[in-house]
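The values are calculated or read from the model by the stated rules, or taken from the named source; none is laboratory data. Computed from a predicted structure; not experimentally measured. With ideal geometry, Cβ positions are generated from the backbone for all residues, glycine too; neighbour counts draw on all protein chains shown. The area values use the complete protein model at the heavy-atom level, side chains included, leaving out ligands, DNA and RNA. Shrake-Rupley method; radii C 1.70, N 1.55, O 1.52, S 1.80 Å.
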Amino acid sequence: MLTKTLNVGIIGLSMGLHHVRGIKKAAASHFTLDADGHKIPAFAVYSICDINQHLAEEVGREESIPHVYTDYKDMIADPALDVVIVVTPDQLHREMVENSLAAGKHVLCEKPLAITREDCEAIAAAVEKSDRKFMVGQICRYTPSFRHAKEIIESGAIGELTFVESEYAHDYSHIYAAGSWRSDPARNGVVGGGCHAVDLLRWIAGDPEEVMAYGTHKTFADVTPYDDTHIAVLKFPNNVIGKVFISISCKRDYTMRSVFYGTKGTIIVDNTSPTMTVFKEDLFPGMNKETMPIEVPVEVNNHNTAGEFREFFDIIVNDKPVETTVYEGANTVATCMAIYESAATGKPVKPKLFK
């Protein structure tokens, strides 16, 4: 039984602030008892780190975080620190994960796991060597609307899946700039952002056996060295086909609109709307098998870091298996790489999946 507050440290505060606030939200309803039987918080943000000293100190002050660092190695050297959350540029994940695990910390790493196969393999090796828990932050698996859609599908309510699709439509104009870390030619928008939609479909339909993709490079021609828009067709197990649309330059509001077609119904869902639409055959008996739409209320929470950390906490404290394992994260990256390769070569590609 846990008899101390689990101390959490967060590396990277640009997106890491979501984790700071998510953990504080989750901690408000999670308590444990110390050795004397006194009620204490089950977990808390204990330390933060960012190379921007002003930002780190400002967040530390505003969020009442006791330990603030500009060098993550100093942060993970603290023996009182239990858990590290890596929320830094994709290119830095490998080093920070390896060092944090070696320092004896449990690690939650933001998606994508890494941007190269070599880095994915190295992280997997570090996880296998460690006795600590490791989890990949595939946040869409904690989005209430997507979780509910998966529950409906697994219940058999819409029959067998026939076609699945998702899109990652996000205008990065306000965060992209020539020379930014996102413009690094070693990365691309498919792995960096499109991994959300790819992971969602993998979670619902399984690992794709083959992909065929196309890309275009118009809107961000002077900003990024890689295509800014992709479309991919995917062949999933059990004769399910699928489609992924990925754009980091589209001129519209952000969405991850997704549709799941089954033999007895259809689900239309996204991560920014308060309802999802379900079409169900034979909903009202005696109405000529008419397929009727149902608007189902859902919570809008497209960055549910509170729910994500609650699960990681449960995994750590109760020694439960991790669902979004290092290999789940690596296979999402492998599928994204296959999409990118197919678009570059004009040929179908079989994803080189990890175990």
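In this structure, does LEU33 turn out to be farther than 18 Å from LYS105 by Cβ, aliphatic (A, V, I, L, M) and open to solvent by 30 Å² or more (accessible area, probe 1.4 Å)?
Against the criterion (farther than 18 Å from LYS105 by Cβ, aliphatic (A, V, I, L, M) and open to solvent by 30 Å² or more (accessible area, probe 1.4 Å)), LEU33 qualifies.
Go through region 51-68 residue by residue and tally those that are within 25 Å of ILE316 (Cα to Cα), open to solvent by 20 Å² or more (accessible area, probe 1.4 Å) and out of contact with any Ser or Thr (no Cβ under 6 Å at 6 or more places or on another chain). Explain how you work it out, then say what you get.
Step one: of region 51-68, the residues within 25 Å of ILE316 (Cα to Cα) are 63-68.
Right, trim to open to solvent by 20 Å² or more (accessible area, probe 1.4 Å) and you get 63-64, 66-68.
Then drop every residue that is not out of contact with any Ser or Thr (no Cβ under 6 Å at 6 or more places or on another chain), which leaves 63-64, 66, 68.
Looking only at that region, the number is 4.
State whether the residues of region 32-43 include one that is of a type in the set (A, V, I, L, M), modelled with pLDDT under 95 and out of contact with any Leu (no Cβ under 9 Å at 6 or more places or on another chain).
Yes; the residues of region 32-43 include at least one that is of a type in the set (A, V, I, L, M), modelled with pLDDT under 95 and out of contact with any Leu (no Cβ under 9 Å at 6 or more places or on another chain).
Sort out which residues of region 69-79 are of a type in the set (A, V, I, L, M) and open to solvent by 40 Å² or more (accessible area, probe 1.4 Å), and write them in order of number.
Pass one, region 69-79, residues of a type in the set (A, V, I, L, M): 75-77.
Result: ALA77, single match.
So, in region 97-127, how many residues would count as being within 28 Å of PRO79 (Cβ to Cβ) and either over 18 Å from the mean Cα position of the chain (by Cα) or outside any helix (DSSP H, G or I) (or both)?
Residues flagged as within 28 Å of PRO79 (Cβ to Cβ) and either over 18 Å from the mean Cα position of the chain (by Cα) or outside any helix (DSSP H, G or I) (or both) within region 97-127 amount to 19.
Could we say that VAL83 is over 24 Å from ILE315 (Cβ atoms) and of a type in the set (A, V, I, L, M) here?
The answer is no for VAL83.
Limited to region 217-247, what total is found for residues that are in contact with a Pro (Cβ under 6 Å, 6 or more places away or on another chain), more than 17 Å from SER342 (Cβ to Cβ) and touching a residue at least 60 places away in the same chain (Cβ under 8 Å)?
0
So which of ALA77, ALA26 ends up being of a type outside the set (S, T, N, Q) and out of contact with any helix residue (DSSP H, G or I) (no Cβ under 6 Å at 6 or more places or on another chain)?
ALA77
Between residues in region 39-67 that are assigned to a helix (DSSP H, G or I) and residues that are at pLDDT 95 or above and among the aromatic types (Phe, Trp, Tyr), which pairs lie under 9 Å by C-beta distance while being six or more apart or on different chains?
Cβ pairs passing all conditions: ALA56/TYR69.
Suppose we filter ALA186, ALA221 for residues that are open to solvent by 30 Å² or more (accessible area, probe 1.4 Å), over 16 Å from the mean Cα position of the chain (by Cα), more than 23 Å from ALA330 (Cβ to Cβ) and among the small types (Gly, Ala, Ser); which single one remains? Don't jump to the end; show me each part of the working.
Working: ALA186 fails: more than 23 Å from ALA330 (Cβ to Cβ).
Only one candidate qualifies: ALA221.
I'd like the full set of residues that are free of Cβ contacts under 8 Å to residues at least 40 places away in the same chain and open to solvent by 10 Å² or more (accessible area, probe 1.4 Å), limited to region 102-120.
Matches in region 102-120: ALA102, ALA103, GLY104, GLU118, ASP119.
Only one residue in SER273, SER249 is open to solvent by less than 50 Å² (accessible area, probe 1.4 Å), in a loop (DSSP other than H, G, I, E, B) and farther than 30 Å from THR224 by Cα. Which one?
Testing whether each residue is open to solvent by less than 50 Å² (accessible area, probe 1.4 Å), in a loop (DSSP other than H, G, I, E, B) and farther than 30 Å from THR224 by Cα leaves just SER273.
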